[in-house]
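Each remark here refers to the structure printed beneath this line.
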Amino acid sequence: MRHSDLTTALTDRTAKTFLGILFGAVLIVALLNLLVPAESGLHVSSYTVSLLGKYLCYALLALALDLVWGYCGILSLGHGAFFALGGYAMGMYLMRQIGDRGVYGHPTLPDFMVFLNWEELPWYWHGFDSFGFAMIMVALVPGVLAFVFGWLAFRSRVTGVYLSIITQALTYALMLAFFRNELGFGGNNGLTDFKDILGFSLREDSTRVALLIASAVALGGAFVLSRWITGTRLGRTVMAVRDAESRARFLGYRTEHYKLWIFTLSAVLAGIAGALYVPQVGIINPGEFSPLNSIELVVWVAVGGRATLYGAVIGAILVNYGKTVFTGVMPEAWLFALGGLFVAVTVFLPQGLVGLAQSLLKPKRQPDATDKEADHEPA
Amino acid sequence: MSLRDTFRRDQVFGPLRPGTRPVRPGQLDTGGKHILYMEDITVSFDGFKALNDLTLYIEPGELRCIIGPNGAGKSTMMDVITGKTRPDTGSCFFGQTLDLTRMSETEIATAGIGRKFQKPTVFPEHTALENLELAMAGPKGTWQALLQPVTGQQYDWMAQTLETVGLLAQKNQLAGALSHGQKQWLEIAMVLMQKPRLLLVDEPIAGMTRQEVERTAELLQSLAGEHSVMVVEHDMEFIRSIANTVTVLHQGSVLAEGRMQDVQNDPKVIEVYLGETG
């Protein structure tokens, strides 16, 4: 019986390979960006650095979804909401960092508040000038929302497609709310025009590389954490809830607590992904709450393969790379490609790319004694 | 208010019995003659009485077989005991103190009533050993599950239980890959990991080969004594081979109860049940 602890989760072969590839790639990109002169053919542009950083944030988001979907069987179609909330918390910090350098030059109020003739900062904007406070909010806001939402949903035993629909409704409702100027988050323009983070200009290459490295650290950390959790009795119970919830309940497990635990953790990870995403793309707006985003996210995980963690990461990076290429060549066809991809994966690759790779690498299992015994079963 | 409602088992009999310590409510007290008391239980679904004034007692360590034609209320009775269905009237006590009609499914399972379902419902993506780990009695909270690894003692207990049901060689096999009979035994092993005082076994031999049936009969007999075992089964041959006491249910109440030979020759029983199956 394997009960992993953090050390084994960090040092087993899968984790080593994953962390090696992740940090190796990030290191190479960082060095090629910072040390190789721009004229050289080997130079990696800052655009690429931020693009890669964005992919890593998506990968972290996909990992978070894999925890609830792949391991716990909760198909959340609203995980983008937690990502966006984390992003908004970071965006609020970045807005406060602008200070009086905004278009209107107001010492405390962000531009959009001046534009709306607001007199003072709303109460919920206080504290966001502190980086530490903002980082706590990055984890706390999505976490608390997921906890309350999950507590209500799981306690009432809302499962399956109904849960998917209400998570979708959750993100849609948040999108509509954030579109409103009165809410105080910049309405449909969202938060943008960020200048610097912790005093470092967001336009500097070194800041972009640092953000890329921070994203890689967050992804690597979340990977190790998730591997640890899924290797413990908690992880095995969560999978049992996925496969036969009523059976697990019968064994004396409060299955709603397990679902809530993993759902909340996943929302926190999604929030962190959103917080790292915002400074790298330079904007957060209500479009991030769009249900379409959350559905795309499900496609990433499905393409990569569920319940392996690294499958979600691979899926997120590949699909988003495909999206970058595709939208450059034929922007109007991307949604069709995405839909087609989802159908193809569902029909032909239910285990995703990881499942495909595993079945190609491993020879078919020899039929053993148990299979022979099974022949005696009455039809 | 019936007499039984007025003098509830948990409130009256405990203190009246000489020589017994007063028992904390919520704790299983098996000081009485029986371990399970079902009295005057009625359950109706849309006017149809699935159980009709059912009264049944199980003794500690007993192996009891329940038979009856389809719709006699066997499954509903199990559901009442495990808290899945609430009776409309009547009382259901586990030991002297635990009122099963007021406990949740989880509480009942933790208190010591294990149920093996008709259809084997093992966790297919977990190994046989992991299935036992999940079923093991002990703290079931999320944080304990995260931070407390399985101890060597618990591991030995799991291995021993797998040995009891004859699956030690398959401990690292995925449960989904086991044969039908093996799944049934694994499920029994899982119920045993909950340290049940009362074991409810629902149609254990459905779909088993002859050898598997024999093995199951031995297994159930070896479990009685330490546990009270209640078996619901259709197969008369099987019941004949294991039963001491048989209860025949018909239309939601007890038609006959007694030793297999006596019950078999009871004209009422022959009419409603045995006669039909020949």
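Coordinate-derived values only; no laboratory data. None of the values given here were measured: they were computed from a predicted structure. Cβ: placed from backbone, ideal geometry, glycine included. Neighbour counts: every protein chain shown.
Which net charge results when you count Lys and Arg as +1 and Asp and Glu as -1 among the other residues whose beta-carbon is under 13 Å from that of residue B:259?
-2
What order do you get for A:180, B:64 when you list them from fewest to most C-beta neighbours inside 10 Å?
With the sparsest Cβ surroundings first, the list reads A:180, B:64.
If R0 is 35 Å, what FRET efficiency do you get for residue A:324 and residue B:125 from their C-beta distance, rounded to 0.05?
That gives a FRET efficiency of 0.50.
Of A:40, A:290, A:92, which is farthest along the charge dipole of the range A:6-294 in the positive direction, counting Lys and Arg as +1 and Asp and Glu as -1 at C-beta?
Of A:40, A:290, A:92, it is A:290.
Calculate, for residue A:133 and residue A:281, the FRET efficiency according to 1/(1 + (r/R0)^6) with r their C-beta to C-beta distance and R0 30 Å; round to the nearest 0.05.
Calculated transfer efficiency: 0.85.
Between residue A:116 and residue A:31, what length in nm is gained on full extension when 0.36 nm per residue of separation is reduced by their alpha carbon distance?
Length gained between residue A:116 and residue A:31: 26.2 nm.
Counting only C-alpha contacts under 8 Å and six or more residues apart, can you give the relative contact order of chain A as a whole percent?
Value for chain A: 30 percent.
Give the residue from B:103, B:85, B:114 lying farthest towards the positive end of the charge dipole for chain B; charges sit on Cβ (+1 for Lys and Arg, -1 for Asp and Glu) and the dipole is referred to the Cα centre.
About the Cα centre, the residue reaching furthest to the positive side is B:103.
Just the number, please: percent antiparallel of the DSSP beta bridges in the range B:3-277, rounded to the nearest 5.
Close to 55 percent.
How much net charge surrounds residue B:136 when only other residues with a Cβ under 13 Å from its Cβ are counted (Lys, Arg +1; Asp, Glu -1)?
Net local charge, residue B:136 excluded: +1.
How much net charge surrounds residue A:264 when only the other residues with a Cβ under 14 Å from the Cβ of residue A:264 are counted, with Lys and Arg +1 and Asp and Glu -1?
Net charge around residue A:264: +1.
When only Cα pairs under 8 Å and 6 or more residues apart are kept, what is the percent relative contact order across the range A:26-180?
26 percent
Rounded to the nearest 0.05, what FRET efficiency do residue A:346 and residue B:101 have when you use their Cβ-Cβ distance and R0 = 60 Å?
0.85
Under a point-charge model restricted to the Cβ atoms of Lys and Arg (+1) and Asp and Glu (-1), what is the dipole moment magnitude of the protein assembly as shown relative to its Cα centre, in debye to the nearest 20?
I would put it at about 800 debye.
Which value in deg cm²/dmol, rounded to the nearest 500, describes the helix-derived mean residue ellipticity at 222 nm for chain A, given -39,500 (n - 2.57) per DSSP H run of n ≥ 4 and division by the residue count?
Per the formula, -22000 deg cm²/dmol.
In degrees from 0 to 90, rounded to the nearest 10, what is the angle of the helix A:352-361 Cα long axis to the longest principal axis of chain A?
50 degrees
Looking at the protein assembly as shown, what % of its DSSP beta bridges pair antiparallel, to the nearest 5?
60 percent
With everything on Cα atoms, drop me the angle between helix A:131-155 and the longest principal axis of chain A, reported from 0 to 90° to the nearest 10.
The answer is roughly 40 degrees.
Give the residues of the range A:283-306 whose amide nitrogen is closer than 20 Å to a point set 7 Å from the Cα of residue A:101 in the direction of its Cβ.
Answer for this model: A:283-284.
With +1 assigned to the C-beta of every Lys and Arg and -1 to the C-beta of every Asp and Glu, and no other charges, what is the dipole magnitude of the range A:6-294 about the Cα centre in debye, to the nearest 20?
Dipole about the Cα centre, nearest 20: 1320 debye.
Report, in cubic angstrom per residue, the convex hull volume of the C-alpha atoms of the protein assembly as shown.
With only Cα atoms used, the protein assembly as shown gives 213 Å³ per residue.
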